[in-house]
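The values are calculated or read from the model by the stated rules, or taken from the named source; none is laboratory data. In this text the structure is predicted, and so the values were computed from the model without any measurement. We place every Cβ from the backbone using ideal geometry, glycine too, and count neighbours over all the protein chains shown. With ligands, DNA and RNA removed, areas are computed over all heavy atoms of the protein, side chains included. Shrake-Rupley method; radii C 1.70, N 1.55, O 1.52, S 1.80 Å.
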Amino acid sequence: MSISAQNPDISGERQSGQDVRTQNVMACQAVSNIVKTSLGPVGLDKMLVDDIGDVTITNDGATILRMLEVEHPAAKVLVELAELQDREVGDGTTSVVIVAAELLKRANDLVRNKIHPTSIISGYRLAMREACKYIEEKLVTKVEKLGKAPLINCAKTSMSSKLISGDSDFFANLVVDAVLSVKMTNQRGEIKYPIKGINILKAHGQSAKDSYLLNGYALNTGRAAQGMPLRVSPAKIACLDFNLQKTKMQLGVQVVVNDPRELEKIRQREADMTKERIEKLLKAGANVILTTKGSDDMALKYFVEAGAIAVRRVRKEDMRHVAKATGATLVTTFADMEGEETFDPAHLGSADEVVEERIADDDVVLIKGTKTSSAVSLILRGANDYMLDEMERALHDSLCIVKRTLESNTVVAGGGAVESALSVYLEHLATTLGSREQLAIAEFADALLIIPKVLAVNAAKDATELVAKLRAYHHTAQTKADKKHYSSMGLDLVNGTIRNNLEAGVIEPAMSKVKIIQFATEAAITILRIDDMIKLVKEDGQGDE
C-alpha cells in the first residue's frame, strides 16, 4: 500500500531532476543554433518554406523563430522571448536568444557540479542588476552632443546585418527622416515618435535605391469609381466601418405581401435608405469617404455626382491610423440614441488634400497634410517579393532603433564592446564575493562573451584571438584611469581587427542592450527553475463527449 502512495498514478510521462534540465537546455541550444549564424554584419540569411510552399527569406531572429513550429515547451520560451524583444525594442532579437541559451548551458554545467539551482538563480539576478547598472553608469554616451549623425549611425548599425546593408547610407537617411517627421508631443508633454504612423508600401520594379519617402499616408487602394475626381482639397474625411450597399432585411424577418405592387415599394425603400445615408454624409461636408467594407455601384453614383472620393475595402489597420492622423472618428453605425439615423460633422477628420497617384502599377490614395500627427509613407521598390518583405523587416528594425535612440537619448558602442566590458567587469566582481553566487556570476560573465565570439565566427575571423585582444583592451580600460576611452573598443568585422566603435559610428541605443540582458536572464531563470515535467496523456473517451 505504501509503495503505491509514493508513486501516484499519473496518466502521462513524468521526467524529473537532471533529465529535464538537460533536455530543456538541449532544446534551447537547438533553437539558438538556428539563429546563431544570422548574427552580425556578415550574418547569413535563412530560407523558410511553410506547408503551402510560401517562401520567406530573412535574417530577423523574431521572424525566423515565429515561422518555425517549435514543439518543445522550453524552446517555446525562447521564441516568446524573441517576440518580446521585438515588441519592446524592435531589434536585437537574435542576440537575446543566443545569450539566453548560453546562460542556460552554463547554468546546467554548474548544476551538474552540485551547485543548487537557487544559488545560480540568485547569482544570475545579481549579475543582471550589476550589468545594467554598469551600462548606465559607465558605458553610455548621451546623444544630445552628437546631432543627427548618431541617429544615422544607429540606423546603419541596425541594418548592417540585413539584406540592404550595401545601401545602408541611403536607407539610414530615409529612416531617420521618416522617424523625425512623425515627431509629436503627447498630453503629458513628452516627445514621442509613433512608428505606427509610418506606413510602408511595397511596389515591384526598379531598384532598391529608388525607394523614397512620401509626405502623407498612403492607402494601397485606388478610388472606387473612375468618375471621381483625382484630388480633393481641402479634404473632410469620413471613416466608416459598414457596408454602403442596398440595405437588406435582417435574417429571420418575414414580410407577408398581399399586393405585388408593395414588393416594388419595399425594394425602392431598401435603395432609398442607402441613398439617405449617403446624403447625410455629404450634407455633413464629407468629400472623402473611406469604408472598410464594400459599397455598390448605386452608392458610388451619388459620390461621383457630388465630386467626392470614395475608397472601399480599406484595411482596418490603415483606417485606425488615418482616423488618428486626421482626427476622424471611426463610425460603425449611423443610429443614434433615439433610433434615428444621423451623422455628426464632428466625426469628420481633416487633411490638406487627398490625391490619387500611380506608383509602379498600382493606384494609391494619398492623404497629405493631416491635422493631428503627421503621417508619412515609405515607398519601397525592389526586384521581387522576397526582397521587398525582407527590406520591410529591416526597415522596421531600424525605425524602432531610431525611435528608441531619440526617446532614451543614450547610446553605447556596438560590435561586442558592451558584452566584453561587462564580462571583464563581472568577472572581477565575482572574485570580490565570498558567497556561493560567485561561480554563477563568473559563468554569467563568460556567457556574455558568446556575442563577440559568434560575431567573429560569422565573419570568418579567428574568434579566440579577437576576443582575447578585446578583453585585454577592456581590462586596461577598467584598471587604468587614463585609458577609459578603451571602453568603447569593439570588433571591426570587415578587417578582422579591434577598433573604437564609438568613433567608427557602430552604435546602438543603450536601452536595447539593457533589455537584451534583462530578458535573456529572466528567460534563462524561468527555464532553469523547472525540475519536473509531466506530459499528460489524453484519456480515451474524452473526445466523444
Requested in this report: Could you pull out the GluC sites (Glu not before Pro) across the range 67-164 that fall in loop regions by DSSP (anything but H, G, I, E, B) with no more than 10 other Cβ atoms inside 10 Å?
Outcome: Glu69, Glu71, Glu144
Query raised in the report: To the nearest 10 degrees, how steeply does helix 18-36 sit against the main Cα axis of the chain, on a 0 to 90 scale?
Result: 60 degrees
Report summary line: A 1.4 Å probe over the protein heavy atoms gives the range 425-496 a carbon and sulfur accessible-area percentage of 54 percent
Query raised in the report: Any idea which of His396, Thr526, Leu502 is furthest toward the positive side of the dipole for the range 389-545, if Lys and Arg beta-carbons carry +1 and Asp and Glu beta-carbons -1?
Result: Leu502
**Report entry** Solvent-accessible area per residue for the chain (1.4 angstrom probe, square angstrom)
**Finding:** 49 Å²
Query raised in the report: Where does each of 472-483, 38-49, 187-198, 401-412 land if you order them by average Cβ count within 10 Å, highest first?
Result: 401-412, 38-49, 472-483, 187-198
Query raised in the report: Which one of Asn287, Ala440, Thr326 is farthest out on the positive end of the charge dipole of the chain, using unit charges on Cβ (Lys, Arg +1; Asp, Glu -1) and the Cα centre as origin?
Result: Ala440
Query raised in the report: For the range 269-368, which whole percent of the accessible surface, found with a 1.4 angstrom probe, sits on carbon and sulfur atoms?
Result: 46 percent
Query raised in the report: Hey, which of these cross-link pairs are over 29 Å Cα-Cα: Lys293/Lys515; Lys148/Lys480; Lys484/Lys515; Lys403/Lys461; Lys114/Lys484?
Result: Lys293/Lys515; Lys148/Lys480; Lys403/Lys461; Lys114/Lys484
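Determine the share of the range 48-173's accessible area contributed by carbon and sulfur atoms, expressed in whole percent, with a 1.4 angstrom probe.
In the range 48-173, the share of accessible area belonging to carbon and sulfur is 50 percent.
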Query raised in the report: Contour minus end-to-end for Asn173 and Leu213, with contour as 0.36 nm per residue of separation and end-to-end as the Cα-Cα distance?
Result: 13.4 nm
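Taking only the Cα atoms of the chain, how large is their convex hull per residue, in Å³?
235 Å³
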Report task. Whole Å is fine, so just give me how far the alpha carbon centre of the range 84-124 lies from that of the range 202-258. Result -> 49 Å
Report task. Go through Ala100, Ala74, Leu126 and say which Cα lies farthest out towards the positive end of the charge dipole of the range 64-164; charges sit on Cβ, +1 for Lys and Arg, -1 for Asp and Glu. Result -> Leu126
Query raised in the report: Fully extended, how many nm does the chain gain between Met47 and Asp259 (0.36 nm per residue separation, minus their Cα-Cα distance)?
Result: 69.6 nm
**Report entry** Percent RCO, i.e. relative contact order, over the chain, from Cα pairs under 8 Å lying at least 6 residues apart
**Finding:** 26 percent
Requested in this report: Taking the Cα centre of the chain as origin, work out the dipole magnitude from +1 charges on Lys and Arg Cβ and -1 charges on Asp and Glu Cβ, in debye rounded to 20.
Outcome: 1680 debye
